[in-house]
1. Rounding to the nearest 20 debye, state how big the charge dipole of the chain is about its Cα centre with +1 on each Lys and Arg Cβ and -1 on each Asp and Glu Cβ.
2. Roughly how many percent of the accessible protein surface of the chain is carbon and sulfur, given a 1.4 Å probe and a whole-percent answer?
3. Skip the ligands, DNA and RNA, and give the accessible area per residue of the stretch 7-75 with a 1.4 Å probe, whole Å².
4. Determine the calculated [θ] at 222 nm for the chain from helices alone, applying -39500 (n - 2.57) to every DSSP H run no shorter than 4 residues and normalising by the residue count; nearest 500 deg cm²/dmol.
5. Specify which labelled value, from [x] 37, 27, 15; [y] 49, 26, 14; [z] 53, 27, 21, agrees with Cα extents along the principal axes in Å derived from the coordinates of the model shown.
Amino acid sequence: MSEDEHRRPVRFTIDGKPYEVADPEQTAASLLRLAGFDPAQYDIAEVRLGEPPKRFSGDEPVRGHDGEEFITIRHSAPVE
């Protein structure tokens, strides 16, 4: 892989909204903060066609690729 390929921005979605980062190596918490979510209350999951979502939390590393789709998962919510 060339140096230019490492510097190319990575584009992906979180809950359907587009985002872009310069470094493909991120943590779950940094992606959640990028999308405006509190990592203490949410996890993030990679959505893969035909497979269950792969869940990441806290300082877990997430290697992003162009076109990936992520969703947020709330730890718990009050029932009313």
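1. Around 160 debye, computed over the chain.
2. So the carbon and sulfur contribution to the accessible surface is 51 percent.
3. Values: 4310 Å² over 69 residues.
It amounts to 63 Å² per residue over the stretch 7-75.
4. Details: 2 runs with 12 residues, N = 80.
About -3500 deg cm²/dmol.
5. Checking each listed value against the structure points to [z].
The values are calculated or read from the model by the stated rules, or taken from the named source; none is laboratory data. Treat the numbers as computed from the prediction; the structure is a model and nothing was measured. Please note: Cβ atoms are built from the backbone with ideal geometry, for glycine as well, and neighbour counts cover all protein chains shown. Just so you know, the surface numbers come from the protein's heavy atoms only, side chains and all, with ligands and any DNA or RNA stripped out. Shrake-Rupley method; radii C 1.70, N 1.55, O 1.52, S 1.80 Å.
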